[in-house]
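Colleague: Have a look at this one before I ask anything.
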Amino acid sequence: MSSSMSPSSAAGKVPRRFLTGYIRARWQRWLDQRIPSTRHALLDQRRLFIFPTGMGFGYLLTAFLLFIAGINYDNSLILNFSFFLGSLFVVTILQTFSNLSGLMIDAGTTEPAFAGTEAKFNLLLAKSRKKNHYAVELQWHGFEAASNNLIEEEKIPVQMLLKTEKRGVFRPQRLRITSVYPLGIVRAWSWIALDMECLVYPKPIACELQAQVDATQADGTVVIPEGKDDFDGLRNYQQTDPLSAVDWKAYARVGQLYTKRFHGLQSEARWLDWESMPTLHVELKLSYLCYWVMEYSRKNLVFGLQLPGIRIAPDAGLEHQRRCLEALARY
Amino acid sequence: MARDVKRHGFPMPRSAFVLLLITNVLAVIPHLERVPGWMLPAFGGVLLWRIQVFRQRWPFPGRSVRLLLVVSGFAGVILHHGTVLGPDAGVALLITAYLFKQLEMVTRRDAFLVVILSYFVLATEFLFSRSLYSTLYVLLVLVVITATQVALNHSGSRIAVTQPLKVSAKLILQSIPLMIALFFLFPRVGPLWQLNLTNKQNFIGLSDRMSPGDIAELSRSGNLAFRAEFRGDVPPMRDRYWRAAVFDWFDGRTWHASQADRFDAFNPQDLARGQRRYDYRIILEPTGQRWLMAMAAAEVHLGDARATGLLTHVHKKEIDSALSYDVTSYPDFRYQPDGLTAREGMIYRQLPATGNDAARRHGRELFRKAGESPQALIESILRAFREEEFYYTLKPPLLGANTVDEFLFQTRRGYCAHYAGAFVFLLRSAGIPARLVGGYHGGEAHPIGNYLLVHQYDAHAWAEAWIAGQGWVRVDPTAAVAPNRIEMGSLDSTSDDSFMTDSPLSPERLRNMALFARARLLADYVDYLWFKNVVSYNSEKQNQLFRSLLGQVTPQRIAALLGGVAAVIVLILVVGILLRHPAMRTLDRTDRLYLQFCSKLARRGFERQPGEGPQSYADRLCQQLPAQTTQIRRITEIYLTLKYAPAVQRGNIQQQKSQYSGTLSDLQKDLQLRVRSFRL
Amino acid sequence: MSQPIIDRLVTALGTILLGKDGQIRLALACLLSRGHLLLEDLPGMGKTTLSHALAKVLGLEYQRIQFTSDLLPADIIGTTLFNPGQSQFEFRKGPVFSEVLLADEINRATPKTQGALLEAMEERQVTVEGHSYPLPHQFFVIATQNPVTQMGTFPLPESQLDRFLMRISLGYPDPKVERALLKGKNPRDELEFLQPAVSKTELDALQKKVSTVHVSDALLDYVQRILAHTRESSQFVVGLSPRAGMALVKSARAFALVSGREHVIPEDVQAVLGPVAEHRLSGSRDVTGHEGERLVDHVLKHVPVIGSR
């Protein structure tokens, strides 16, 4: 007897923090087994939990008090009133359950964000059965809730804005889907792990920067010899030259067709270089780089990005910007 | 934002607010007659304030204002009722709290609390009335309360009021079967502790004193006093004297109920029963008194009842809620024919020391004229009432100090209490033991059920005189003045319109309208059945039910019965609520047939991937199942034609190979046939 | 009635491009729905052969331009020449004014030159110095392209890829065919002897016929499911545009016709989905620009063929 006692008393000495941590870990593991991570979830009895709310306990207390009153006053109608409340509670359990069951959640697209701003997570709520879902509350663990009805529509897109903190790949924890409809006395919910993530770019921080012009890079330099910005000189007219480029004044003078030559301003590519950032702090470097990527893109300049181990050839445009930001985010 | 919530409450959906207002009004309405008069304007004011808060015109009242309102409200209730105990005061306090909680309904939780309070306010209605119609009203209000809760939890702010009402009605309908099962099968236990109710309710009915005006008051009330359900014949009108109390002490103005019942137990040897008997059950509405109505001489079969030497019966405690008991009555009886005790002789000859001298003299003189014979005296008094200028009216003139004198010699207008009172006074003046008996007379035979309805307007007073050798003899002086009152019942006896003036809309006033009368009686019958089968359902009846259902009653069997019934109901609910909704995919018949075909194949391991087209699937199958190639190809072909080919082409496929005319449904039939007969 | 012609075309092309029946049908479907075709593969896989064969078999007059980095827009659309003798300018039409323009290695030219061609493709006319010159009634561009991972190229921007109805890769030949090639059979030799398999009027009729191929509601439901999937699933950065959807239905119609059917079945959509959609899609994890294939596979696997909308 005493030998069986000792392990439990030893367990009692385990620090409480450890114990709750252990319980939480067990709970997580159990949850992961029961509701694994998916991109598509159908809420059914396997995934749904149900429990009275605080108000539900108040309601049950009311029913109990009326029950006692019914007994003590020997009043069968008051007694019946408490039975009614009890029955309504049972029906409400089923109705609340039914309100969530059959609801489908699809992971949709995500939109990247800069650290400290809100990332967009698009979800799709859909009916799998011919019934309405009311007051469905969606809440990512640690974020604010959003409430939705799915009444006539078969599916509705839901956009959730989650505030990001750290650069990198942001993977929110489980999504809680809750409903207390119709009476608010019973809560049905499910924790689903949606396979969703989004990129969080570094927070752009402005800094002084001398753009490194590096024209020696043979295969990366973008030279635009036929640009239109700057007059370069004249050459003999060729048949395919556009007429607007012909130097008509020269033709009038000498009777010979010359074509004016121009070259573009952006004949040299800018390089955003890891090494040239005026700090040693890694995250700050990334933030500076991010700022300049945004700045150059805004001005539609051609630039390349040089990170340790990663090199993105000079280019311009949104796609290029996205590629650079992604490289910064994933660094 | 937070400040705004504090000023105007959380953003409650409009429909929820409207429903909450309706709930408030409906829950309080039945209590209005019981609560202090100032509550009605207070109620209106609070609702107005709350509406203005909702419209964001006014803010919530400040903390001190609220405190002031609540304190003055409670103080008002306590002053009005003089106590905080008892149902009336309790309900008034509850309603006060309910009222002022409105002005504090800031958060969703507060709104929920108001809903909970509504449940309580509504349930207390059953303390006062347990009729079927009250129950139906409560059910109606429950629909509204539940709808309020639905609306509060609905996330759309713009929903019609009707939508939550529909949801709520559905919820309530679904919960009723389980409620009924619990009502009849949930084991009833006795009170957990003794409630000491100091009941100060204003019951309408007889009281323990009878002064001029009391019965007139009653006859203006159409309320039901009790029902009497007979097992055999219903007694004739002359036997329907429902004895409640005996009044034996006269103070010159008011007759007081006998205290004798406190001391004198019923002695069976005093009573000689006759042959005739009536067996019946009385279902008594609450009276607030202890008297049990019955026709003399009665045996009341009720454990808590006690027979008294006055041939009345008293209940152990005040009757605060409806009560039913079985009675056997022997109308041809003799009681105390052998003589009275000396004490009784004193009591029943008691008169006040002074006053009403003319009447005293008159009584003695009449007795002398009658040759000292009690029978002759009684005859002469009745003859005087019948032949002289006496009138029966429910609106007699006011009487002064010597009530009997004034009535007998001046006004000569009155009703049963006047006549019976004067009669007893005259007899006592002559030294003959006599007493006043209060109760009811008559009752309306119900055409459907074999029972009588006795209303408050049937309240009556008559006299009893003791005659040596005969014992106590019932004399009804009113019969001499207004024979109709006795022969036909109270309604036909007065010609003036004093009868039931209090309730102008009372159904009684319209009873001459045949249809209405029928409806009224039917309604009463339903209510009667309700009371008999539901309201009076108690542990005793439950035991009977258990015995008839289970044979041997053991806790295990009761649990099994309750559990079984509840489980069946819940199972039906589960099926009805959870499994009822069809899947969303709106597949047409063709698709369903094709999917049947696919699932036949899938069972054999040839599953079609969701993204796999029918043609590619068929190609794959034909390689793996060469024997079924023709069938598979044909089914696929028909399916593809039905789904993807234009209507013209459907004809073509038919002309080639079969006898069908090529309409859509014929092709479908073909497909169905082929899918059904498809075997691997 | 259209079937013999199509069979003829397929057979004729099959003699040149061995063992590439699927690609041949796709290419035919593309041209029958009057769309421009982009052939993308590594050098030496038979792109040029297929493009030439297509033009010849359809009996269309064709011109070929080898795109290089020094190719100028005027080299394609034509030039305005100054005629010193008459002292006035005259427009000399470039190679674009042909029924079939074979644009070899389109990604070698500068974006400017590419732009000029793609503009002509879109508008089916050429505007030079304020004058508009309409292109021929039958006008196809069959462009070939090396995959973008090759050095020294200017990949076509997404917006311009959209101008091509289909993008087809040929892929390596299967061993049997390769063996024949290795034995010395040169498809280009046979190209010389290839005769038109279809007359101009027949071609016209075929193209008109494409638009009469029946598309049922059930099929449109499927197409819409596909479109919705690309827009709702997080696999995709950008979903398919309505224009892509239209292209998908049009190509599926033509493919059904080429397959000898007068109504479209889901397999037709599935067959053309890759060529039509791959170059218009980009995935969320698309860094290389070559995710289209994977995405189309995803669609084919996940979008149910049978079901509600």
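Colleague: Just give me the residues in the stretch C:1-47 being over 14 Å from the mean Cα position of the chain (by Cα) and open to solvent by less than 10 Å² (accessible area, probe 1.4 Å), in sequence order.
Modeller: Matches in the stretch C:1-47: C:ILE6, C:LEU9, C:LEU13, C:ILE16.
Colleague: Right, another one. Do the conditions hold for B:ARG608, that is, is it more than 30 Å from C:LEU295 (Cβ to Cβ) and surrounded by 16 or more Cβ atoms within 10 Å (Cβ to Cβ)?
Modeller: no
Colleague: Further question on the same structure: With the stretch B:40-137 as the region, which helices (runs of 4 or more DSSP H) entirely inside it contain at least 2 residues that are of a type in the set (Lys, Arg) and within 12 Å of chain A (Cβ to nearest Cβ)?
Modeller: Those helices (runs of 4 or more DSSP H) span B:108-128.
Colleague: Collect the residues in the stretch B:399-411 that are more than 42 Å from the chain's Cα centre (by Cα) and surrounded by fewer than 24 Cβ atoms within 10 Å (Cβ to Cβ), keeping them in residue-number order.
Modeller: Hits for the stretch B:399-411 are B:GLY400, B:ALA401, B:ASN402, B:ASP405, B:GLU406, B:PHE409, B:GLN410, B:THR411.
Colleague: In this structure, is A:ARG176 at pLDDT 85 or above, surrounded by fewer than 21 Cβ atoms within 10 Å (Cβ to Cβ) and more than 9 Å from every other protein chain (Cβ to nearest Cβ)?
Modeller: yes
Colleague: Pull out all pairs, ordered by first then second residue, where Cβ-Cβ is under 9 Å, the residues are six or more apart or on different chains, the first lies in the stretch B:601-619 and is away from chain C (no Cβ under 13 Å), and the second is small (Gly, Ala, Ser) and surrounded by fewer than 19 Cβ atoms within 10 Å (Cβ to Cβ).
Modeller: B:GLU607/B:SER599
Colleague: What number of residues within the stretch A:290-301 satisfy the criterion of being open to solvent by 60 Å² or more (accessible area, probe 1.4 Å) and assigned to a loop (DSSP other than H, G, I, E, B)?
Modeller: Final tally of qualifying residues: 2.
Colleague: Still on this structure, please answer the following. With A:GLY309, A:GLY304 as the choices, which residue is farther than 21 Å from C:VAL237 by Cα and loosely packed, with under 15 Cβ neighbours inside 10 Å?
Modeller: Going through A:GLY309, A:GLY304 in turn, just one is farther than 21 Å from C:VAL237 by Cα and loosely packed, with under 15 Cβ neighbours inside 10 Å: A:GLY309.
Colleague: What are the pairs, 6+ residues apart or on separate chains, where a residue within the stretch B:424-451 that is at positive phi has its Cβ under 7 Å from a residue that is assigned to a helix (DSSP H, G or I) and not acidic (Asp, Glu)?
Modeller: Close Cβ pairs satisfying both conditions: B:GLY442/B:MET237; B:GLY442/B:SER490.
Colleague: I'd like the residue in the stretch B:522-561 that is of a type in the set (A, V, I, L, M) and open to solvent by less than 30 Å² (accessible area, probe 1.4 Å) and, out of all such residues, is nearest to B:PRO177 (Cα to Cα).
Modeller: Among residues in the stretch B:522-561 that are of a type in the set (A, V, I, L, M) and open to solvent by less than 30 Å² (accessible area, probe 1.4 Å), the one nearest to B:PRO177 (Cα to Cα) is B:VAL534.
Colleague: Can we say B:ALA417 is assigned to a helix (DSSP H, G or I), farther than 20 Å from B:ILE467 by Cβ and under 43 Å from the mean Cα position of the chain (by Cα)?
Modeller: It is true that B:ALA417 is assigned to a helix (DSSP H, G or I), farther than 20 Å from B:ILE467 by Cβ and under 43 Å from the mean Cα position of the chain (by Cα).
Colleague: Filter the stretch A:84-116 down to the residues that are open to solvent by 10 Å² or more (accessible area, probe 1.4 Å), at the interface with chain B (Cβ under 7 Å from one of its Cβ atoms) and more than 32 Å from the chain's Cα centre (by Cα) and list them by number.
Modeller: A:GLY86, A:VAL90, A:LEU94, A:GLN95
Colleague: If you don't mind, another one. Using beta carbons and a limit of 8 Å, which pairs, at least six apart or on different chains, have the first residue in the stretch B:362-383 and among the basic types (Lys, Arg) and the second one open to solvent by less than 30 Å² (accessible area, probe 1.4 Å)?
Modeller: Every condition considered, the pairs that remain are B:ARG364/B:SER429; B:ARG364/B:ALA430; B:LYS369/B:SER380; B:ARG383/B:ALA480.
Colleague: Right, next: If a residue must be among the aliphatic types (A, V, I, L, M), at pLDDT below 85 and either open to solvent by less than 30 Å² (accessible area, probe 1.4 Å) or under 20 Å from C:SER216 (Cβ atoms) (or both), how many such residues does the stretch B:646-680 contain?
Modeller: Keep residues of the stretch B:646-680 that are among the aliphatic types (A, V, I, L, M), which gives B:647-648, B:653, B:664, B:667, B:671, B:673, B:675, B:680.
Still in the running and at pLDDT below 85: B:647-648, B:653, B:664, B:667, B:680.
Filter once more, so that each one left must be either open to solvent by less than 30 Å² (accessible area, probe 1.4 Å) or under 20 Å from C:SER216 (Cβ atoms) (or both): B:647-648, B:653, B:664, B:667.
Qualifying residue count for the region: 5.
Colleague: Kindly list, by first and then second residue, each pair from a residue in the stretch B:332-359 that is over 20 Å from B:VAL246 (Cα atoms) to a residue that is part of a loop (DSSP other than H, G, I, E, B) and of a type outside the set (Lys, Arg), limited to pairs with Cβ atoms under 6 Å and residues at least 6 apart or on different chains.
Modeller: Final answer for the pair search is B:GLY355/B:GLY252; B:GLY355/B:ASN402; B:ASN356/B:ASN402.
Colleague: While we're looking at this one, here's another question. Scanning the stretch A:30-73 for residues that are open to solvent by less than 50 Å² (accessible area, probe 1.4 Å) and among the polar types (S, T, N, Q), which turns out farthest from the other protein chains (Cβ to nearest Cβ)?
Modeller: It comes out as A:THR38.
Colleague: C:SER251: at pLDDT 85 or above, away from every other protein chain (no Cβ under 14 Å) and surrounded by fewer than 19 Cβ atoms within 10 Å (Cβ to Cβ), yes or no?
Modeller: Numbers: at pLDDT 85 or above: yes; away from every other protein chain (no Cβ under 14 Å): yes; surrounded by fewer than 19 Cβ atoms within 10 Å (Cβ to Cβ): no.
The answer is no for C:SER251.
Colleague: With the condition kept exactly as written, say whether any residue in the stretch A:150-170 is facing chain B (nearest Cβ under 8 Å) and charged (D, E, K, R).
Modeller: Within the stretch A:150-170, one or more residues are facing chain B (nearest Cβ under 8 Å) and charged (D, E, K, R).
Colleague: What are the residues in the stretch A:129-149 that are open to solvent by 40 Å² or more (accessible area, probe 1.4 Å) and either among the hydrophobic types (A, V, I, L, M, F, W, C) or away from chain B (no Cβ under 13 Å) (or both), if any?
Modeller: Hits for the stretch A:129-149 are A:GLN139, A:HIS141, A:GLY142, A:PHE143, A:GLU144, A:ALA145.
Colleague: I would also like to ask the following. Can you tell me which residue within the stretch B:295-317, out of those that are in contact with a Lys or Arg (Cβ under 6 Å, 6 or more places away or on another chain) and more than 16 Å from B:ALA272 (Cα to Cα), is nearest to the other protein chains (Cβ to nearest Cβ)?
Modeller: Filtering the stretch B:295-317 for residues that are in contact with a Lys or Arg (Cβ under 6 Å, 6 or more places away or on another chain) and more than 16 Å from B:ALA272 (Cα to Cα), the one nearest to the other protein chains (Cβ to nearest Cβ) comes out as B:ASP304.
Colleague: Scan (1) surrounded by 14 or more Cβ atoms within 10 Å (Cβ to Cβ); (2) within 30 Å of B:PRO614 (Cα to Cα); (3) modelled with pLDDT under 85 for the single condition B:TYR594 breaks and write down its number.
Modeller: It is condition (3) that B:TYR594 fails.
Colleague: Which residue pairs have Cβ atoms closer than 7 Å, lie 6 or more positions apart in sequence or on different chains, and pair a first residue in the stretch A:42-53 that is outside any loop (DSSP other than H, G, I, E, B) with a second residue that is surrounded by fewer than 17 Cβ atoms within 10 Å (Cβ to Cβ)?
Modeller: A:PRO52/A:LEU60
Colleague: Residues in the stretch A:303-322 that are outside any strand (DSSP E or B) and farther than 18 Å from A:TYR288 by Cβ: how many?
Modeller: 7
Colleague: To continue, here is another question. Out of the stretch C:48-72, which residues are within 14 Å of another protein chain (Cβ to nearest Cβ) and open to solvent by 30 Å² or more (accessible area, probe 1.4 Å)?
Modeller: C:THR68, C:SER69, C:ASP70, C:LEU72
Colleague: Turning to a different aspect of this structure: Of the residues C:LEU203, C:LEU170, which single one is closer than 30 Å to B:ALA647 by Cα, in contact with a Gly (Cβ under 8 Å, 6 or more places away or on another chain) and away from chain B (no Cβ under 14 Å)?
Modeller: C:LEU203
Colleague: While we're on this one: Of everything in the stretch B:120-173, what is at pLDDT 90 or above, farther than 17 Å from A:GLY86 by Cα and open to solvent by 40 Å² or more (accessible area, probe 1.4 Å)? Give them in sequence order.
Modeller: Passing the criteria: B:LEU136, B:TYR137, B:LEU140, B:LEU165, B:LYS166.
Colleague: Of the conditions (1) under 20 Å from the mean Cα position of the chain (by Cα); (2) facing chain A (nearest Cβ under 7 Å), B:SER155 clears all except one; give me its number.
Modeller: (1)
The values are calculated or read from the model by the stated rules, or taken from the named source; none is laboratory data. Here the structure is a predicted model, which is why all the values come from computation and not from measurement. Methodologically, a virtual Cβ is constructed for each residue, glycine included, from the backbone with ideal geometry; neighbour enumeration extends over all protein chains shown. Please note that ligands, DNA and RNA were not included when accessible areas were found on the heavy atoms of the full protein model with its side chains. Shrake-Rupley method; radii C 1.70, N 1.55, O 1.52, S 1.80 Å.
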